[in-house]
Structure formats: C-alpha cells, structure tokens
Amino acid sequence: MSKQEVIWNKECECMGLEKKKELQLERLKALVARIYVNVPLYNKKMKDIGMEPGDVKELGDLAKLPFTTKEDLAANYPFGMFAVPMDDVIRIHSSSGTTGKPKVAGYTRNDIDTWAEVMARTLGCGNTTNKDVVQNAYGYGLFTGGLGAHYGAEKIGAAVVPISGGNTARQVLVMQDFGSTKLCSTPSYCLRLGEVLLEQGIDPADLKLNTAFLGAEPWTRELREQIEEKLKIDAIDIYGLTEVIGPGVSSECMVKNGLHVFDDHFLPEIIDPVTEKPVADGEMGELVFTTLTKEAFPVLRYRTRDISKLIPGECECGRTHVRMQRVTGRTDDMLIVRGVNVYPSQIESVLVKIPDVEPHYQIVVDRKGTMDTLEIWVEVSEKAFSDEIRGLEKLEKGIRAVLESSLLISVNLKLVEPKTIQRSEGKAKRIVDKRSVYDKA
Amino acid sequence: MVKQISVFLENKSGRLAEATEAIGESGVNIRALSVADTSDFGILRCIVSDTEKTLKVLKERGFTASATEVVAAEVPDSPGGLAGMLQMLQENGINVEYLYAFVTKSRDNAVVILRVENNEGAIALLEKGGIKTLSEEEANNL
C-alpha cells in the first residue's frame, strides 16, 4: 500500500468542520431558493408540506425537506428536473431508468467545472499528478464514467489516454507502450486486464501502472485483494451516480478505510428506508444526497437506494470530507451488470410490449471468469410458438434485440417452457444473482 | 393434408420422455415422429392417432403445443424415391421447411411428412406427378 502524497485541493478537502458547516448551510439555502422557483416539482413538493425556502435556517432543517426519488425523475423525463434554461445546458448524459425511461442529467459550464474538480480530487486520492499517464477505460458516451474521469485527469494536467472500454488487447498494448501509471475502469474489467497480462506472460511488476480507480459497480474487499495482488497496484474504490453528477461523488484515499464524500458539493445523509427518518450516527441505512452546487440538474435529498453508513472520526490522510462505507447493498432490486444499471421492471416493460410474449421472466446474473453474464428466461406462449426452428429463433432474436436496445447491455435470451418460471404468491422471484458483489455486512 | 402436433421442449433432460409418456398414457398412438433441436431448445413433431386428444393432454401437462397442417406423401420405398419427389417440388419453386420420413408395415411405400408454405399447391403438384398424398384419416390410421 502506497502512502498518501497528494491532496488536490487542500483548502476544500481539509476545511475545518465549522467552516464547512457554514458553507454547506449557505449553499443549501441557495439551492432550496433556486429550485423552489425554477423546478415545478420542488415548488409543489415544498408547498405540499407547507415549507418555504426561508424555513431552512440550519443544516438540521434538511431532514424536513422533501425527498427526490427515481420515480420523480421518470415522471419529469427528460428535462423536467432542470433548473436552468436549455441555453445554459452544455452537456447531457443519461443512464438507464426504471420504466424504460432513462435518467437524464444536464450540466451547465459551471457543473462541468465542478465535476472536473471532484474528479480531480478523486484522482488525487490515488496520488495522481501532472506526471501521470491516465488510461481511462471507462466507456465514453452517454455513460458518465468516460468523460467524468477524463475531465478530472485533464484538470490535474495528467496525460489522459481516452481508450474507452473494451478491446483488451489494445488496452494491454497501451499500458505497456505508453507507460500508463493510472487506470480507470470497472473492478471486473480491471481484474480481466490483470488476467490477460498474466496469460500473455507479462509481469505486472514490469509495468508502470501503480493505481486503479475502480467504480460503476459494487465489489468486495476480496476482489480488491485479488486485483492488488494480481496487478501489483493500489485499487481505489470510487463512487458516483448519474443523478448526483456521475463519478466523483466520493472516493477512497490511500488509507482505504471508507470513501470521502466531497461534501462541500454533495451533502450525504443516511436514512431508514422504511421510516424515511435519519438514522443515528454511524448506523447503516440508505444513502441520500443533496447537490449543494449543481445548477442544471440539482437534486434535493435524492434517494440512491444504495446501502451504506457514514464513518465517524477523522481520517489519517488529513481530509475532513466525511467518509461513507463502501456500498453494501441495495434497497431496491436494481442490478449492476458490467457497470450498467438494470432494473427488472425495465425488462418487464419491454416484454409486455412484445405481442404474444408472456411477461413471465426470470433474470439470472452470473460471473463467468471476470465477466458478468445476464441471462433472461422467457416463457414461450402458445401464440408465439412455431413448429419451425427458424420461427423460434426469430422470436428469440427479436426479443433479445429489443431488450438489448433498452438495457444497453448484451443479453443471453433463453426460451423456456410455460410454467417453468416459479409463480410465487405475492412478489415473484424474478432475479437469481449468483455473484457475490457486495461485502458481507 | 394431415395434422401434425408440435411441442416446444426445453433443452433439459427428461422432457422428451415426459411428452411421449403423456401421449402414451392417454392411449394415443404415435404414428411418426421427429425431433429438431438447437443448443437451447427442441421441437418435437409427431403424427398421432388422435390429434385433439393429444393436444389436450399435452396442454394439461403444461407443454406448449400446437397443431400444424402438413403434407403426407407416399414415395416408392426404393433408391431414389425421395429424391424424385423433392426434385419435382424444387422445379416448381416449392420450398421445404422440414421433412421426415418413415416406413410402415401396412404399406409398400415410405411415407414422407413435408412442411411447405403452400400445402394445397404442393398436394396438387404431387398428385399430378403421380405421388399419392394421404388424408387425415389415412395418416391417423397408419
């Protein structure tokens, strides 16, 4: 394990707690005033509970404010949550949503700067400086990972290699020839790279790679140990979500005991998902974020459905950013497959639209080697059944194509006999996840 | 034209046995049978002595099954018998989706079950070419 040598923005990252609280309160007041006027949803939510922006007088008042849920985002798709005119929006990203509607995030120029800043802090947490070569293997595109990490690395002044995801042979070549010192990817892809290196007889100790920033999917401590051992590097857990900004919401430092939440921009809370009340300090619950500074797409108390806790006390690294424990589960049924969010409800909403297909399905997620596989079982109804192989293969391909275009991930579709899929009383057992992606609590 | 039963089979052990067992227990006799398969699933196709009853028992046992109209033709049970018939179809632009053949004790000729797009057209063509096609009743009583 390497020592913490870099802190990108000492003034903000090591800010005294009293001063930070003042800053957070000031920003919270401004946020509430802004969204009350500019976002009809928040105006209505606050009026419904009889609150006005002036009622926010201290940080503790946050707990009185209304939540934002992913259903709110779906109902206001695509731009209904934006708090600025489209003239001021300079970037739009999105990720998969619950009812087939993606979650859409807009960014102003200031938002892009904020994002670069928090990603610079993230990369700084793993000792990145302008001397580094950052191999960015997050996908570039609508997914926030690629461009998020890219702007952060550029802000630091590191040399970014925007290689994007996939093409493992080329990743290995670049890593060797360009002398990449830092890698950004999903944990499973990082492990895959490690295996390919070993298969090709390349000794990781001969590479310049020293740190990987791994996020976009949950992973366990055991996987960290494997990655660090195989690649002879430090593996840093980074966290973020499109609804808050993308990657750059929180990051581990070299101490690797919890992720520092960049809480001058993103105010975290832990609530009991059932009572919706804040839990006692240090208790497990659902992570909730309020974006203190975002302009285009601010969220008030956004319910992430991720389970974590806030770690009390100071960190050895010197940062005063509050720490959250690595995410240990979900309060909903969202799956993360190869870094992509998949909701069973999304699969159902696609299937019901296909004529003659029964909406009885089962999802089987597994990990073959290092790669996640998503298998979807669909029952063959009498109407969809054909006595010709060609007909059934056409059915299979057709269902797979619409699922893949909605889920943005490749799917193994399996046609099964009717009543194969268990009908349980109440909630059907739709998901079989054979992986162990979360730490045992 | 004769009716064929098609049954969807998941590729897992015992399903073919269960389907044929269901038919057997209902007292229905299977006259001809073929199984088509891919790596993921299979389709059992058969001609039976009682189509309606077979469909009923299969559905009761939870199988996806349907009846399809196919052509049953008699070809000489001698070398080149099938080839001659296929050539006749091909020359007239009739595509065969699939076929299976069997010989019976009761007849001198082999019986070929054909799945084509245009059943009437195929039957007319075959009859014109001197090939006998079977009626539903004849097929059930093979």
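Regarding segment B:73-90, can at least one residue be identified that is touching a residue at least 60 places away in the same chain (Cβ under 8 Å) and of a type outside the set (Ser, Thr, Tyr)? I'd like the intermediate steps shown before the answer.
If we filter segment B:73-90 for residues that are touching a residue at least 60 places away in the same chain (Cβ under 8 Å), which is where we start, we get B:73-74.
So of that shortlist, the ones also of a type outside the set (Ser, Thr, Tyr) come out as B:73-74.
So far as segment B:73-90 goes, yes, one or more of its residues are touching a residue at least 60 places away in the same chain (Cβ under 8 Å) and of a type outside the set (Ser, Thr, Tyr).
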Can you go through B:Lys12, B:Lys59 and tell me which one is within 23 Å of B:Glu136 (Cα to Cα), facing chain A (nearest Cβ under 10 Å) and not in a strand (DSSP E or B)? B:Lys59
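Working only within segment A:117-141, note down all residues that are among the hydrophobic types (A, V, I, L, M, F, W, C) and touching a Pro at 6+ places or on another chain (Cβ under 8 Å). I'd like the intermediate steps shown before the answer.
Of segment A:117-141, the ones among the hydrophobic types (A, V, I, L, M, F, W, C) are A:118-120, A:123, A:125, A:133-134, A:137.
Within segment A:117-141, just A:Met119 meets the criteria.
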Find all pairs meeting these conditions: Cβ atoms under 7 angstrom apart; at least six residues apart or on different chains; first residue within segment A:236-260 and more than 13 Å from A:Val322 (Cβ to Cβ); second residue among the basic types (Lys, Arg) and surrounded by fewer than 24 Cβ atoms within 10 Å (Cβ to Cβ). A:Asp237/A:Arg326; A:Thr242/A:Lys103; A:Glu243/A:Lys103; A:Met254/A:Lys3
Any residue in segment A:407-432 that is surrounded by 13 or more Cβ atoms within 10 Å (Cβ to Cβ) sitting within a Cβ distance under 7 Å of a residue that is of a type outside the set (Phe, Trp, Tyr) and at pLDDT below 80? List the pairs, counting only those 6 or more apart or interchain. A:Leu407/A:Ser96; A:Leu408/A:Ser96; A:Ile421/A:His360
Looking for something more than 14 Å from every other protein chain (Cβ to nearest Cβ), surrounded by fewer than 18 Cβ atoms within 10 Å (Cβ to Cβ), assigned to a strand (DSSP E or B) and among the β-branched types (Val, Ile, Thr) - is there at least one such residue anywhere in segment B:97-105? yes
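Got a sec? Which of A:Val327, A:Val378 is part of a loop (DSSP other than H, G, I, E, B) and either free of Cβ contacts under 8 Å to residues at least 40 places away in the same chain or of a type outside the set (Ser, Thr, Tyr) (or both)?
Details: A:Val378 fails: part of a loop (DSSP other than H, G, I, E, B).
Among A:Val327, A:Val378, only A:Val327 is part of a loop (DSSP other than H, G, I, E, B) and either free of Cβ contacts under 8 Å to residues at least 40 places away in the same chain or of a type outside the set (Ser, Thr, Tyr) (or both).
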Residues that are among the aliphatic types (A, V, I, L, M) and surrounded by 14 or more Cβ atoms within 10 Å (Cβ to Cβ), drawn from segment A:164-203: A:Val172, A:Val174, A:Met175, A:Leu183, A:Leu191, A:Leu193, A:Val196, A:Leu197, A:Ile202
With criteria (1) more than 14 Å from every other protein chain (Cβ to nearest Cβ); (2) surrounded by fewer than 15 Cβ atoms within 10 Å (Cβ to Cβ); (3) not charged (D, E, K, R), B:Met88 comes up short on (2)
Can you name the number of the only condition in (1) out of contact with any Pro (no Cβ under 9 Å at 6 or more places or on another chain); (2) more than 11 Å from chain A (Cβ to nearest Cβ); (3) surrounded by fewer than 14 Cβ atoms within 10 Å (Cβ to Cβ) that B:Asp108 fails? (1)
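Quick one: which residue in A:Lys394, A:Lys353 is away from every other protein chain (no Cβ under 14 Å), more than 30 Å from A:Pro273 (Cα to Cα), more than 23 Å from the chain's Cα centre (by Cα) and not in a strand (DSSP E or B)? Write out each step before concluding.
Details: A:Lys394 fails: away from every other protein chain (no Cβ under 14 Å).
Every option except A:Lys353 fails the conditions.
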For segment B:69-85, indicate whether the set of residues that are within 30 Å of B:Gly14 (Cβ to Cβ), surrounded by 15 or more Cβ atoms within 10 Å (Cβ to Cβ), within 13 Å of chain A (Cβ to nearest Cβ) and under 18 Å from the mean Cα position of the chain (by Cα) is non-empty. yes
Any idea which of A:Asp372, A:Asp366 is more than 14 Å from every other protein chain (Cβ to nearest Cβ), in a strand (DSSP E or B) and surrounded by fewer than 16 Cβ atoms within 10 Å (Cβ to Cβ)? A:Asp366
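Okay, residues lined up against (1) more than 24 Å from A:Lys20 (Cβ to Cβ); (2) not in a loop (DSSP other than H, G, I, E, B):
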| residue | (1), (2) |
| --- | --- |
| A:Trp219 | yes, no |
| A:Lys256 | no, no |
| A:Leu267 | no, yes |
| A:Glu276 | yes, no |
| A:Glu283 | no, no |
| A:Val288 | no, yes |
| A:Val299 | no, no |
B:Leu58, sole failed condition from (1) under 29 Å from A:Val416 (Cβ atoms); (2) free of Cβ contacts under 8 Å to residues at least 40 places away in the same chain: (2)
Residues (over 14 Å from B:Gln4 (Cβ atoms), not hydrophobic (A, V, I, L, M, F, W, C) and not in a loop (DSSP other than H, G, I, E, B)) located in segment B:106-130: B:Glu120, B:Gly121, B:Glu127, B:Lys128
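Please pick out the residue among B:Ile5, B:Ile43, B:Ile47 that is in contact (Cβ under 8 Å) with a residue 60 or more places away in the chain, facing another protein chain (nearest Cβ under 10 Å), of a type in the set (A, V, I, L, M) and out of contact with any Pro (no Cβ under 6 Å at 6 or more places or on another chain).
Details: B:Ile43 fails: in contact (Cβ under 8 Å) with a residue 60 or more places away in the chain; B:Ile47 fails: facing another protein chain (nearest Cβ under 10 Å).
Sole residue among the options that is in contact (Cβ under 8 Å) with a residue 60 or more places away in the chain, facing another protein chain (nearest Cβ under 10 Å), of a type in the set (A, V, I, L, M) and out of contact with any Pro (no Cβ under 6 Å at 6 or more places or on another chain): B:Ile5.
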Every residue in segment A:105-118 that is touching a strand residue (DSSP E or B) at 6+ places or on another chain (Cβ under 7 Å) and touching a residue at least 40 places away in the same chain (Cβ under 8 Å), please. A:Ala105, A:Gly106, A:Tyr107, A:Trp115, A:Val118
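Out of the residues in segment A:378-394 that are hydrophobic (A, V, I, L, M, F, W, C) and crowded, with 19+ Cβ neighbours inside 10 Å, which is farthest from B:Val116 (Cα to Cα)? Full working, then the answer.
Of the residues in segment A:378-394, the ones hydrophobic (A, V, I, L, M, F, W, C) are A:378, A:380, A:384-385, A:389, A:392.
Cutting the leftovers down to crowded, with 19+ Cβ neighbours inside 10 Å gives us A:378, A:380, A:384-385, A:392.
Values: A:Val378: 28, A:Val380: 23, A:Ala384: 19, A:Phe385: 17, A:Leu392: 17 Å.
The extreme case among them is A:Val378.
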Counted residues, segment A:36-94 - those being in contact (Cβ under 8 Å) with a residue 40 or more places away in the chain and among the acidic types (Asp, Glu): 1
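Determine whether B:Gly42 is in contact with a strand residue (DSSP E or B) (Cβ under 7 Å, 6 or more places away or on another chain) and among the small types (Gly, Ala, Ser).
yes
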Matching option when the condition is polar (S, T, N, Q), more than 14 Å from chain B (Cβ to nearest Cβ) and part of a loop (DSSP other than H, G, I, E, B), among A:Ser405, A:Ser410: A:Ser410
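Going by the conditions given, is A:Glu154 over 30 Å from A:Arg305 (Cβ atoms), free of Cβ contacts under 8 Å to residues at least 24 places away in the same chain and not in a loop (DSSP other than H, G, I, E, B)? Spell out how you get there, then give the answer.
Values: over 30 Å from A:Arg305 (Cβ atoms): yes; free of Cβ contacts under 8 Å to residues at least 24 places away in the same chain: no; not in a loop (DSSP other than H, G, I, E, B): yes.
Spelling it out, it is not the case that A:Glu154 is over 30 Å from A:Arg305 (Cβ atoms), free of Cβ contacts under 8 Å to residues at least 24 places away in the same chain and not in a loop (DSSP other than H, G, I, E, B).
The values are calculated or read from the model by the stated rules, or taken from the named source; none is laboratory data. Just so it is clear, the structure is predicted and the values come from calculations on it, not from any experiment. Cβ atoms come from the backbone with ideal geometry, glycine included; neighbour counts cover every protein chain shown.
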